[in-house]
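Any read-out appearing in this document is the output of simple, stated calculations on the displayed coordinates, not a laboratory observation. Being a predicted model, the structure only gives us computed values, none of them experimental. Note that we place each Cβ from the backbone using ideal geometry, even for glycine, and neighbour counts take in every protein chain shown.
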Amino acid sequence: MAIMEFSMFPLDKGASLSEYVSRTLYIVDESGLEYRLNPMGTVVEGEWDDLLILLTRCFRALEKNSDRISLSVKFDCRKGVSGALDKKIRSVEEKAGRSFRT
């Protein structure tokens, strides 16, 4: 299982990019994979191949109307672990002895 965090947006569409980010979020939501949106990107949990397929689908959707796209992505791959989107946060909060904003 893996966690992928990515940020993807066109560089040729002006200052407001939420319209284009929402296009990729629609694809992420429809994928059925567990995900969390944050102010700087999206975190998705799934199998390696499924995550790469999702990333490609999001890129292809933006590519249709964009000549230049910025893409940042990072992965955390750990065998035998699922549900890490929530478990990682709970583990940190347990060790800190308090909850944090997520």
Can you list the residues, at least 5 places off or on another chain, whose amide H is less than 5 Å from the amide H of F9, using H built in the peptide plane? S70
For the chain the mean separation of alpha carbon contacts under 8 Å (6+ apart) over residue count, i.e. relative contact order in percent, is 43 percent
Quick one: what are the phi-derived ³J(HN,Hα) couplings along segment 87-102, Karplus 6.51/-1.76/1.60 with θ = phi - 60°, whole Hz, x for glycine and proline? 4, 4, 5, 4, 4, 5, 5, 4, 5, 7, x, 7, 8, 10, 6, 10
Report the chymotrypsin sites (Phe, Trp or Tyr not before Pro) located in the chain that are in a DSSP loop and have at most 13 other Cβ atoms inside 10 Å of their Cβ, or state none. F100
For helix 48-63, report the angle its Cα long axis makes with the longest principal axis of the Cα atoms of the chain; keep it between 0 and 90° and round to the nearest 10°. 30 degrees
